[in-house]
Ligand SMILES: Cc1cc2nc3c(=O)[nH]c(=O)nc-3n(C[C@H](O)[C@H](O)[C@H](O)COP(=O)(O)OP(=O)(O)OC[C@H]3O[C@@H](n4cnc5c(N)ncnc54)[C@H](O)[C@@H]3O)c2cc1C
């Protein structure tokens, strides 16, 4: 939980790799608090508490193909996982990273993807800009280009809820077990200590029991609309 004094506190994922030292957050300015964080300069004081909640558990995918699917800012929390997966390719099967964003300007991966030489990386945008020579379309449309054996694959998905739903359903149709699909659900979080109830989704409090949960549990919960 990152606090911008005078504005408030919001949940933000860790996007750095723990072993490299330091703590990095990647924040998209969408409202009062995130705009305040993005406007912070060296020397400004911010509040920080945590970490809270569940992680990706990449270690469950040892020896198996790995599929990482990110939409927009959803790449930020997946970055440590991708860095771990490509750092030691012998620990996993094939590693695929599929990235979607609304426009080329929204792509977080521009400076990072060349450092993932051992992963297949597909990138697409919804709306191309002048000079864009890459793919155009939804991130699910990249799935056919990825190389993975569905019954022995694990998938890690983060992005807007409609993208999570479409991606997970597509993966299940292709034969990936729903228990092998990890999704990060970013509902309205306030206290992060399982006290206030703002992030309740079905039977769970996402700040404590999530945000990363398996798709076999999450699918029915997502029919509950966020207030
Ligand atoms: C577990 C978790 C991890 C997150 N990690 C990151 C991260 O690494 N980087 C990052 O930039 N953001 C992340 N977010 C989202 C971030 O917390 C919200 O963007 C933030 O709360 C917005 O607060 P605000 O005061 O700036 O804007 P507000 O005024 O509260 O909201 C501005 C607009 O953004 C929409 N919005 C608010 N929260 C969300 C959300 N969770 N998902 C989609 N739309 C939302 C609102 O509906 C509104 O339209 C994460 C959220 C969760 C729950």
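The values are calculated or read from the model by the stated rules, or taken from the named source; none is laboratory data. Worth saying up front: this structure is predicted, and the values here are computed from it rather than measured. Cβ sites come from the backbone with ideal geometry, for glycine too, and all protein chains shown count toward neighbours.
Which numbered condition in (1) touching a strand residue (DSSP E or B) at 6+ places or on another chain (Cβ under 8 Å); (2) more than 15 Å from the ligand (Cβ to nearest atom); (3) in a helix (DSSP H, G or I) is the only one that residue 36 fails?
(2)
Quick grid of which residues meet (1) over 17 Å from residue 59 (Cα atoms); (2) assigned to a loop (DSSP other than H, G, I, E, B):
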{"position": "143", "(1), (2)": "yes, no"}
{"position": "148", "(1), (2)": "yes, yes"}
{"position": "157", "(1), (2)": "no, no"}
{"position": "162", "(1), (2)": "yes, no"}
{"position": "168", "(1), (2)": "yes, no"}
{"position": "172", "(1), (2)": "yes, no"}
{"position": "176", "(1), (2)": "yes, yes"}
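Would you check which residues across region 92-108 are closer than 15 Å to residue 147 by Cα and either more than 12 Å from the chain's Cα centre (by Cα) or surrounded by fewer than 17 Cβ atoms within 10 Å (Cβ to Cβ) (or both) and list them?
If the condition is that a residue be closer than 15 Å to residue 147 by Cα and either more than 12 Å from the chain's Cα centre (by Cα) or surrounded by fewer than 17 Cβ atoms within 10 Å (Cβ to Cβ) (or both), then 92, 93, 94, 95, 96 are the ones that fit.
So which residues in region 147-164 are farther than 18 Å from residue 81 by Cα and either at pLDDT below 95 or in contact with a strand residue (DSSP E or B) (Cβ under 9 Å, 6 or more places away or on another chain) (or both), if there are any at all?
The answer is 147, 149, 150, 152, 160, 161, 162, 163.
What number of residues within region 203-212 satisfy the criterion of being surrounded by fewer than 17 Cβ atoms within 10 Å (Cβ to Cβ) and either within 10 Å of the ligand (Cβ to nearest atom) or under 17 Å from residue 182 (Cβ atoms) (or both)?
Going through region 203-212 one residue at a time, the tally reaches 1.
What do you reckon, is residue 49 loosely packed, with under 12 Cβ neighbours inside 10 Å, over 25 Å from residue 162 (Cα atoms), touching a residue at least 24 places away in the same chain (Cβ under 8 Å) and away from the ligand (no atom under 11 Å from the Cβ)?
When the stated conditions are applied, residue 49 passes them.
For region 70-86, check the following and say yes or no: at least one residue is in a loop (DSSP other than H, G, I, E, B) and touching a residue at least 24 places away in the same chain (Cβ under 8 Å).
no
In region 171-195, which residue that is within 13 Å of the ligand (Cβ to nearest atom) and farther than 28 Å from residue 151 by Cβ is farthest from the chain's Cα centre (by Cα)?
The residue in question is 191.
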